[in-house]
Amino acid sequence: MSTAPDHDARTEAVRALEAEFSGLIHQVRRIVSENAERVSPGMLPAAYKVFSTIVRRERVTQSELSEMLVADKGQISRTVRELEELGLIGREPDPTDRRSSILFPTPFGLERLAEARAPQESTLLHALEEWSIDDIRTLTRLLHALTVRERP
């Protein structure tokens, strides 16, 4: 059982963390918008999110994308068609379900994404230059635990 001062200190610490997350979320949204524009002028952030998820997963079905991104299947379908028309992704028949297709990034798509991400990766590397590798790994582990609601 926690005491009142412990509870107050925890509440204050969580509020400070929320404030930092707010600033971080704002930066991430800006970066996603900028990256989308660099991948393909006029690309919307939602399309960038779909594309970067396909890249991260390497091979994925539209249904899996819809589930992962908690998105409408129709919207995912339209976005996938757009990404395919841009040459960023390809598709092939799903060997386990002939009604479905496996989506994958094309070499051109991987190149465009790498070019789009380069400025932020450079900025992040510079920002963490003075951090130890252990500190970076600890932050990564703690953020993952928070994201999936696990105890660190």
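The values are calculated or read from the model by the stated rules, or taken from the named source; none is laboratory data. What you see is a predicted model; the values in this text were computed from it and never measured. Every residue, glycine as well, gets a Cβ built from its backbone with ideal geometry; the counts of neighbours run over all protein chains shown.
State which residue is farthest from F21 (Cα to Cα) when the search covers only the range 127-152 and only residues that are among the acidic types (D, E) and in a helix (DSSP H, G or I).
Let us first name the residues in the range 127-152 that are among the acidic types (D, E), namely 129-130, 134-135, 150.
This time we only want the ones that are in a helix (DSSP H, G or I), so: 134-135.
Values: D134: 22, D135: 18 Å.
Only one residue fits best here, namely D134.
For R149, only one of the following conditions fails: (1) in contact (Cβ under 8 Å) with a residue 12 or more places away in the chain; (2) on the phi > 0 side of the Ramachandran plot. What is its number?
That leaves (1) as the condition not met.
Is there any pair linking a residue in the range 122-134 that is within 22 Å of I31 (Cα to Cα) to one that is modelled with pLDDT of 90 or more and among the aliphatic types (A, V, I, L, M), with Cβ under 6 Å and at least six apart or on different chains, and which?
From residues that are within 22 Å of I31 (Cα to Cα), the pairs are L128/I136.
Checking the conditions here, which among R57, R151 is at pLDDT below 90, over 20 Å from I25 (Cα atoms) and charged (D, E, K, R)? Can you show your working first?
Details: R57 fails: at pLDDT below 90.
When all the criteria are applied, what remains is R151.
Can you name every residue in the range 113-152 that is under 19 Å from the mean Cα position of the chain (by Cα), exposed (fewer than 10 other Cβ atoms within 10 Å of the Cβ) and of a type in the set (A, V, I, L, M, F, W, C)?
Within the range 113-152, L125, V148 qualify.
Hey, could you check the range 93-112 for residues that are in contact with a strand residue (DSSP E or B) (Cβ under 6 Å, 6 or more places away or on another chain) and among the hydroxyl-bearing types (S, T, Y) and say which is surrounded by the most Cβ atoms within 10 Å (Cβ to Cβ)?
Filtering the range 93-112 for residues that are in contact with a strand residue (DSSP E or B) (Cβ under 6 Å, 6 or more places away or on another chain) and among the hydroxyl-bearing types (S, T, Y), the one surrounded by the most Cβ atoms within 10 Å (Cβ to Cβ) comes out as S101.
Checking the conditions here, which among S52, S40, S66, S77 is surrounded by 10 or more Cβ atoms within 10 Å (Cβ to Cβ), modelled with pLDDT of 90 or more and touching a Lys or Arg at 6+ places or on another chain (Cβ under 6 Å)?
Selected residue: S66, the only one of S52, S40, S66, S77 that is surrounded by 10 or more Cβ atoms within 10 Å (Cβ to Cβ), modelled with pLDDT of 90 or more and touching a Lys or Arg at 6+ places or on another chain (Cβ under 6 Å).
If I filter the range 12-30 down to residues being under 21 Å from A71 (Cα atoms) and among the hydrophobic types (A, V, I, L, M, F, W, C), which single residue comes out as surrounded by the fewest Cβ atoms within 10 Å (Cβ to Cβ)?
Per the criteria, the residue is I25.
I need every pair where a residue in the range 2-24 that is part of a helix (DSSP H, G or I) has its Cβ under 9 Å from the Cβ of a residue that is surrounded by fewer than 10 Cβ atoms within 10 Å (Cβ to Cβ), sequence separation at least 6 or different chains.
Note: pairs meeting the criteria are R10/S2.
Given R56, R38, which one is within 15 Å of Q120 (Cβ to Cβ) and part of a helix (DSSP H, G or I)?
Result of the check over R56, R38: R38.
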